Amino acid sequence: MRQLLEGSRAVVEAVRLCRPQVIAAYPITPQTHIIEHLAQFVADGDLPAGFINAESEFGAASVVLGAVAGGARAFTATASQGLLLMTEVLYNIAGMRLPLVMVCANRAVSAPINIFSDHQDSMSVRDAGWVQLYVESNQEAVDTVIQAYRIAETCELPVMVCMDGFFLTHTFEPVEIPEQAAVDEFLPPFHFARTLNPAQPMTLGGGSEPDNYLEFRAAQHQAMEQASEVIAAIDLDFGDHFGRSYGGLAEPYRLEGADTVMVTLGSTMGAVRDAADTLRGNGMPVGAVRLRCFRPFPAQALIHCLAGAKRVVVLEKAFSAGMGGIVSTELRAALHQAGMPIPVESFIGGLGGRDLTPAVIEEIFHLAASGKDFATSRFAGLDTGAMPSIEET
Amino acid sequence: MDTRDTFRHNVLTSGHRACSGCGEAMAARMVVDLIGPDAIYVNATGCLQVFTTHNQQSAWQAPWIHSVFANAAAVASGVEAALRARGKDTPVVVQAGDGGTFDIGLQCLSGMIERGHDVLFVCYDNEAYMNTGVQRSSSTPHAVRTTTTPPGRLSEGKHHLKKDLISIIAAHQMPYAATATVAYFPDLKAKVEKAMRIKGPRFLHVLSPCPLGWDHDAALSVTVARLAVETGLFPLIEMEYGAVTGVMRLARQRPVEEYLKLQGRFKHLFADKEGAAEIRHLQALADANIRRYGLLDARTEWDTDRAVQAQRQGRGGYAVSPKETSL
């Protein structure tokens, strides 16, 4: 049924349809509406699950870790500092190959403290071993949560669904909520092969030594690489079941004959589409690619999308201080490895909730297309006069 | 399942890598054999995890999980929630050292108790970070030598007092919290069995001597644990909903020197007059425990002498009938 729903409310409808048995969370803006709605569902008897108010995000991640090991489908959500506080447990969940789904309501990281959206939180845990899917709309958030459970349980990998804080979590959009029967048909009941069970005792999380730790880690990497195909196939299968799919790993937009292609993630893609339409209307051959799956990094899918491009510009909402854009760095490596010497320029923008308007994006397209002043990383819309100096602070 | 000894479950079986005389190995073997294999065990990082699950080998004959250092109580909360959601009443038991309980694990433990999870949390307290090489924890008693509280020209060892954990735990108004040691098995057995009959969060604090970190003869672990009780330094008590409901009476109080002199970690206190002052301080702390819990005059079924006599009779309570296994 098509409804006008806030992003947080829409996403919990999807969570409910997946029949989680244990939910644990700790409140942090802008994730709070998600867990409040879930708590209400449980309180009203509309969702038969245990709802655990954890004492911290570290605790919340640990509770859902235990829940999955105890044989239950589980859910949590967090953002920003909460995700960073979970970090130790995130690595542990992935290393134990526990199928779990989390929503990250993407938010900037302190200091300075800022509650608004960028991707620094989830990008900072990119090495933890979680599949990371970035969604563009509330509809995609709904559909991706359902896909995420099937990906997680097929690959025995945890999946993080990244949705931009406020831009999606607090925005009302018309959303189609699937029928329970259709979701039940798409997503089989939860089964975890290594469930803690006295009838079949197993030791989970024991020690390893230099003679086999490497093999465990290599197997984890292999599983992530193999997940690429599963993620793409499940998106297609979702399309067969529900009539909507999202390009699997990377979604192209107006790439036919495009010289300059912008790569971006998340809700920013809406403004990028508008800017590309305007420029195309003016006769400028631009296109775009939305990186939907950041981990595993879909090098092949991106190479395929960018095969005809003369230059690429990455618009990214996170960076590695002292290095620059994260997505652009990885994309350059992938193109280099494929023997494709396409220049990749990086614009870091939208940090801490700064608006990325179609006008800003058009300007970035123009700068990139001109080929002048090429820079590996620069900040979009930076007001250098407003930058604090040590003396001032 | 190891069935060599039909009187025991051998949930923690032989062949693990604990040091000789390890109080924690002794305590864990007693506790998990009393609870049995039909339970799920959650372990914090620490000696017990390291010496029982070395390099893809496991000494556990029951379902067992270890995640990270600080989160055992939260993992157990999740396991319990999953089991209850699946309609199962399998008991859930946490095992952690003093680091994983008093220090890094305290927040998750407090959360677990406050939320009322049906979990038994067992702390095997050896009063320092032994797994990493004997660094002080908040459980380390006053004046103890550790590698991070070394005695020196300006120091008599650890400056601060052992954290009064059982009071912090009991302040959660929880159903059951008790202290025990490896020295009085009938007392430990009674407390484990009582804890397993109660629903909700339960806490058991087991003093577990560490020959390596305490620097005593490996053959003296039980003796040292007994002296900790008999001096009044480690009172054996039970608390229910915040109130003291049980105390093991001391048949007589021994001077703290008898406990201290067996252990190298207190050796520096016998070297000079500053050390002698710290011994008087430790005696005062023991005397305060005697008064606080009425250890010399409590009305109780057991005293320290009778508990030891009971222990020396036969198998000391291990003779449970072997469980019918449906495995």
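Laboratory data are not the source of any read-out in this text; all were calculated from the coordinates shown. It should be emphasised that the depicted structure is a prediction, and the values quoted were computed from it without experimental measurement. When we count neighbours, we look across all protein chains shown, and the Cβ atoms used for this are built from the backbone with ideal geometry, even at glycine.
Counted by neighbouring Cβ atoms within 10 Å, the residues A:Lys372, B:Lys267 run from fewest to most as A:Lys372, B:Lys267.
Express as a percent, rounded to the nearest 5, the fraction of DSSP beta bridges in chain A (both residues included) that run antiparallel. Once the DSSP bridges in chain A are tallied, antiparallel ones form about 25 percent. Work from the charge dipole of chain A (Cβ charges, +1 for Lys and Arg, -1 for Asp and Glu, about the Cα centre) and give the residue of A:Phe51, A:Phe116, A:Leu382 farthest towards its positive end. Going by the charge dipole, the pick is A:Leu382. Across all C-alpha atoms in chain B, the radius of gyration and Dmax reach 19.1, 64 Å. A full extension of the chain between A:Thr87 and A:Asn282 corresponds to an added length of 65.6 nm, given 0.36 nm per residue minus the alpha carbon distance. All distinct Cα pairs of the protein assembly as shown go into the 1/r average, and the inverse of that average, the Kirkwood radius, is 28.1 Å. For chain A, the membrane-span-like helices by this rule, meaning whole DSSP H stretches whose C-alpha atoms cover at least 27 Å of axis and whose Kyte-Doolittle mean is -1.0 or above, are A:213-242; this says nothing about an actual membrane. Placing R0 at 41 angstrom, the Cβ-Cβ distance between B:His159 and B:Arg197 gives a FRET efficiency of 0.50 after rounding to 0.05. For the pair B:Lys261 and A:Glu36, a Förster radius of 60 Å applied to the C-beta separation gives a FRET efficiency near 0.50, rounded to the nearest 0.05.
What you get for the range A:250-386, charging only the Cβ of Lys and Arg (+1) and of Asp and Glu (-1), is a dipole of about 300 debye around the Cα centre. Charged side chains reduced to their Cβ positions (Lys and Arg at +1, Asp and Glu at -1) give the protein assembly as shown a dipole of some 2200 debye around its Cα centre. Extent along the principal axes, Cα only, for the range A:201-292: 65, 34, 21 Å, with the longest axis given first. Separation of the alpha carbons by more than 21 angstrom is noted, of B:Lys158/B:Lys273; B:Lys163/B:Lys194; B:Lys162/B:Lys261, for B:Lys163/B:Lys194. So what's the range A:250-386 giving for Rg/Rh, alpha carbon basis, Kirkwood Rh from the mean inverse pair distance? Here Rg/Rh amounts to 0.93.
Basic side chains Lys and Arg get +1 at the Cβ, acidic Asp and Glu get -1 at the Cβ, and with that the dipole of chain A about its Cα centre reaches some 400 debye.
Here B:Ala284 and A:Ser389 are evaluated by their C-beta separation; at R0 = 60 Å the FRET efficiency comes out at 0.55.
Residue farthest toward the positive end of the dipole of the range B:23-311, with Cβ of Lys/Arg at +1 and Asp/Glu at -1: which of B:Leu269, B:Cys123, B:Gln49? It is B:Cys123. Only DSSP H runs of four or more residues enter the estimate; each adds -39500 (n - 2.57), and after division by the residues of chain A the mean residue ellipticity at 222 nm equals -12500 deg cm²/dmol. For A:Lys372, the lysines whose Cα comes closer than 27 Å to its Cα, not counting residues fewer than 8 places off in the same chain, are A:Lys310, A:Lys317.
Candidates A:Val63, A:Ala10, A:Ala193 compared by Cα position along the dipole of chain A: farthest toward the positive end lies A:Ala193, with charges placed on Cβ. The helix-only estimate of mean residue ellipticity at 222 nm for chain B, built from DSSP H runs of length n ≥ 4 each weighted as -39500 (n - 2.57), is -9500 deg cm²/dmol after division by the residue total. Shown for B:Ile104, B:Ile35, A:Ile364: other C-beta atoms within 10 Å of each C-beta, ranked fewest to most, produce the order B:Ile104, B:Ile35, A:Ile364. Ordering A:Ile52, A:Ile177, B:Ile198 from the fewest to the most neighbouring beta carbons within 10 Å gives B:Ile198, A:Ile177, A:Ile52.
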